[in-house]
1. Consider B:Glu78 carefully, then state whether it is part of a helix (DSSP H, G or I) and either among the polar types (S, T, N, Q) or away from chain A (no Cβ under 14 Å) (or both).
2. Has segment A:98-110 got at least one residue that is away from chain B (no Cβ under 14 Å), in a strand (DSSP E or B) and touching a residue at least 24 places away in the same chain (Cβ under 8 Å)?
3. If you scan segment A:130-147, which residues turn out to be within 14 Å of the chain's Cα centre (by Cα) and either closer than 15 Å to A:Gln17 by Cβ or in a loop (DSSP other than H, G, I, E, B) (or both)?
4. Out of the residues in segment A:120-146 that are in contact with an Asp or Glu (Cβ under 8 Å, 6 or more places away or on another chain) and surrounded by fewer than 17 Cβ atoms within 10 Å (Cβ to Cβ), state the one that is nearest to A:Thr95 (Cα to Cα).
5. Residue check, B:Gln90 against (1) assigned to a strand (DSSP E or B); (2) touching a residue at least 24 places away in the same chain (Cβ under 8 Å); (3) within 14 Å of another protein chain (Cβ to nearest Cβ); (4) touching a Leu at 6+ places or on another chain (Cβ under 8 Å), all met but one. Which one?
6. Take the residues in segment B:10-63 that are under 14 Å from B:Asp140 (Cβ atoms) and of a type in the set (A, V, I, L, M); name whichever of them is most open to solvent (accessible area, probe 1.4 Å).
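The values are calculated or read from the model by the stated rules, or taken from the named source; none is laboratory data. Predicted model only: the values in this text are computed from it and were never measured. No Cβ is skipped: glycine too gets one built from the backbone with ideal geometry, and neighbour counts run over all protein chains shown. Each accessible area value is taken on the protein alone, full model and side chains, heavy atoms only, with ligands, DNA and RNA left out. Shrake-Rupley method; radii C 1.70, N 1.55, O 1.52, S 1.80 Å.
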Number of protein chains: 2
Amino acid sequence: MPDIIHRIGVENATPEQVYTALTTLDGLAGWWAEKTTGSTDTGGVIEFRFRVGGFDMKVLAADPARHVRWEVVAGPDEWLGTTVSWHLRQEGDYTIVLFAHEGWREPVEFMSHCSTKWAVFLVSLKQLLETGEGAPDPRDLPISDWH
Amino acid sequence: MPDIIHRIGVENATPEQVYTALTTLDGLAGWWAEKTTGSTDTGGVIEFRFRVGGFDMKVLAADPARHVRWEVVAGPDEWLGTTVSWHLRQEGDYTIVLFAHEGWREPVEFMSHCSTKWAVFLVSLKQLLETGEGAPDPRDLPISDWH
């Protein structure tokens with residue numbers, strides 16, 4: 001099955017700080033969707049709401065400063081049952097973030113869109129941690145007619 | 001084999017204009033690498049040079065306003081023999097760009113980096129056409145210790 005994979009390095013941020021941005025409502029609202037509610041504990045469900053649509057993610061794993069894994073339990077058909085994972089490690093002045101959105105059934109055009117859009121939000125995560133200011137929905141960078 | 005796929009929409013630009021940015025040295029230098037030389041004709045080889053390293057692309061196909069396809073004939077080991085393709089079509093006020101970098105042997109960490117970096121350069125392509133100003137190397141947005 002085709003996967004979306006990405007890599008960014010967040011400068012002068014520790015894995016603990018990146019982990020906090022992935023596992024707290026405030027952190028997630030700072031780079032992905034301002035409207036983020038729910039529970040970020042393992043087994044909990046986080047609700048992300050965008051100008052158009054949204055996703056509910058069940059937290060499958062949350063290993064402090066190292067690994068986070070979600071399963072999509074509500075959202076667009078193409079996303080249902082897919083998983084989103086984050087691996088963190090320190091390398092010099094950077095925290096390296098390895099991202100994967102796996103389990104897509106087909107490499108449809110919507111997957112191409114999501115691949116680009118994930119990259120834009122990863123840059124937003126990086127900027128939140130480096131400058132204190134991310135670009136979450138609805139202040140995110142539009143990349144097309146699909147936003 | 002794993003692929004990198006992306007989708008952007010360039011607003012108020014025709015497929016012809018996007019095609020020009022993909023098939024002229026000036027166009028390519030405006031969003032990807034300022035140091036771009038060579039021949040952009042079918043069968044020609046384009047040399048892209050970055051602060052660190054570079055790629056030579058053989059032009060396999062150039063179908064005006066619709067499709068461009070390159071093969072990597074020199075560059076990092078992981079890129080050798082891979083292909084980069086662009087499909088263009090008009091949709092309302094947008095030119096939709098479907099991008100694919102195919103033929104990777106393994107989903108190595110460098111592929112994750114390239115996936116994110118391609119997205120950043122696609123946004124640069126979009127901005128070049130929408131605003132007249134892209135962000136090619138060496139003025140590109142750094143995403144990590146790997147640039």
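1. The answer is no for B:Glu78.
2. No, segment A:98-110 contains no residue that is away from chain B (no Cβ under 14 Å), in a strand (DSSP E or B) and touching a residue at least 24 places away in the same chain (Cβ under 8 Å).
3. Matches in segment A:130-147: A:Gly134, A:Ala135, A:Pro136, A:Asp140.
4. Among residues in segment A:120-146 that are in contact with an Asp or Glu (Cβ under 8 Å, 6 or more places away or on another chain) and surrounded by fewer than 17 Cβ atoms within 10 Å (Cβ to Cβ), the one nearest to A:Thr95 (Cα to Cα) is A:Glu130.
5. Of the numbered conditions (1) assigned to a strand (DSSP E or B); (2) touching a residue at least 24 places away in the same chain (Cβ under 8 Å); (3) within 14 Å of another protein chain (Cβ to nearest Cβ); (4) touching a Leu at 6+ places or on another chain (Cβ under 8 Å), the odd one out for B:Gln90 is (4).
6. For segment B:10-63, the residue satisfying everything is B:Val52.
Rundown of residues vs (1) away from chain B (no Cβ under 14 Å); (2) not acidic (Asp, Glu), yes/no style:
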site	(1), (2)
A:Pro2	no, yes
A:Ile5	no, yes
A:Glu11	no, no
A:Gln17	yes, yes
A:Ala29	yes, yes
A:Gly43	yes, yes
A:Phe48	yes, yes
